[in-house]
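Peer 1: Below you'll find the structure I mean.
The values are calculated or read from the model by the stated rules, or taken from the named source; none is laboratory data. Note that the structure is predicted; figures quoted are calculated from it, not measured. Cβ: placed from backbone, ideal geometry, glycine included. Neighbour counts: every protein chain shown. Only protein heavy atoms, including side chains, enter the accessible area calculation; ligands, DNA and RNA are left aside. Shrake-Rupley method; radii C 1.70, N 1.55, O 1.52, S 1.80 Å.
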Amino acid sequence: MKALIIYFSRADENYGVGYIDKGNTEIVAEYVRDLTGADMFRVEPAVPYSAKYDICIKEAKQRIGNAPIKEELPDVSGYDTIYVMSPVYWGTYAPEMETALSGADLSGKKIRVISTHEGSGLGSMVKDVKRLCKGADVDMNGLAITGSRAKGSKAAVEAWL
Ligand SMILES: Cc1cc2nc3c(=O)[nH]c(=O)nc-3n(C[C@H](O)[C@H](O)[C@H](O)COP(=O)(O)O)c2cc1C
């Protein structure tokens, strides 16, 4: 069984945490990696978001439905399980995750979804992953971690895994 973590995460200024060097979702993604031995792939925007939270919020809204990414997903044929991990942006995953998943064929894969958020839980992330990843076996029981408590979440991640 080989697993791949596909994640989006943004450092800099964010809600409830001030300026941070490592994004909340990346912190949790590293726990998943440490606990499962999965490989990691980071989805990055073609143009980075502003470091300022207030501006980033507006940029993210404008990018919904049109969010170019720096690099397409790697070849996923050697993986059976895919962890899709993203902060909740405007109620679902970051717009760049939609771009990354739209361009990939994840049919036949087991997909598990983890969000970090500040109140929305998973939002519509699991439903949206299911809509995009046709033919994949999407676990409807996703995990939602409060972003500002990402550092203390390893036990919760382990229990869910
Ligand atoms: C553009 C933007 C939109 C956000 N929208 C939501 C939201 O709709 N619901 C929510 O609970 N949190 C929202 N947040 C908070 C993030 O989901 C939360 O801080 C997350 O942990 C950030 O993860 P990261 O540090 O890995 O990027 C938003 C943050 C940003 C920057």
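Peer 1: Among the residues of the stretch 107-134, which ones are of a type in the set (S, T, N, Q) and either open to solvent by less than 10 Å² (accessible area, probe 1.4 Å) or farther than 15 Å from Y89 by Cβ (or both)?
Peer 2: Going through the stretch 107-134, the residues of a type in the set (S, T, N, Q) turn out to be 107, 115-116, 120, 124.
Once the filter is applied, which keeps residues that are of a type in the set (S, T, N, Q) and either open to solvent by less than 10 Å² (accessible area, probe 1.4 Å) or farther than 15 Å from Y89 by Cβ (or both), the stretch 107-134 yields S107, S115, T116.
Peer 1: Look through the stretch 84-106, keep the residues that are open to solvent by 20 Å² or more (accessible area, probe 1.4 Å) and either under 19 Å from D39 (Cα atoms) or touching a His at 6+ places or on another chain (Cβ under 8 Å) (or both), and return whichever of them is farthest from the ligand (Cβ to nearest atom).
Peer 2: Of all residues in the stretch 84-106, those open to solvent by 20 Å² or more (accessible area, probe 1.4 Å) come to 88-92, 98-99, 102-105.
So of that shortlist, the ones also either under 19 Å from D39 (Cα atoms) or touching a His at 6+ places or on another chain (Cβ under 8 Å) (or both) come out as 88, 104-105.
Working: V88: 4, A104: 21, D105: 26 Å.
This residue is D105.
Peer 1: Cβ-Cβ under 7 Å, sequence separation 6+ or interchain: first residue in the stretch 34-50 and assigned to a loop (DSSP other than H, G, I, E, B), partner among the aromatic types (F, W, Y). Which pairs?
Peer 2: Listed pairs, sorted by first residue: A38/Y83; V43/Y7; V43/F8.
Peer 1: Within the stretch 54-83, how many residues are aliphatic (A, V, I, L, M), open to solvent by 50 Å² or more (accessible area, probe 1.4 Å) and more than 8 Å from the ligand (Cβ to nearest atom)?
Peer 2: Qualifying residue count for the region: 2.
Peer 1: Can you pull out every residue in the stretch 1-53 that is among the hydroxyl-bearing types (S, T, Y) and either within 14 Å of the ligand (Cβ to nearest atom) or within 21 Å of R63 (Cα to Cα) (or both)? Explain how you work it out, then say what you get.
Peer 2: Kept after step one, since they are among the hydroxyl-bearing types (S, T, Y), are these residues of the stretch 1-53: 7, 9, 15, 19, 25, 31, 36, 49-50, 53.
The answer is Y7, S9, Y15, Y19, T25, Y31, Y49, S50, Y53.
Peer 1: Which of (1) out of contact with any Gly (no Cβ under 7 Å at 6 or more places or on another chain); (2) within 21 Å of P68 (Cα to Cα) does V88 not meet, given it meets every other one?
Peer 2: Looking at each condition in turn, V88 falls short on (1).
Peer 1: Name the pairs: first residue in the stretch 63-87 and on the phi < 0 side of the Ramachandran plot, second residue open to solvent by 90 Å² or more (accessible area, probe 1.4 Å) and among the acidic types (D, E), Cβ to Cβ under 8 Å, at least 6 apart or on different chains?
Peer 2: V76/D105
Peer 1: Taking the stretch 1-23 as the region of interest, how many residues are open to solvent by 20 Å² or more (accessible area, probe 1.4 Å) and closer than 15 Å to M97 by Cβ?
Peer 2: Looking only at that region, the number is 1.
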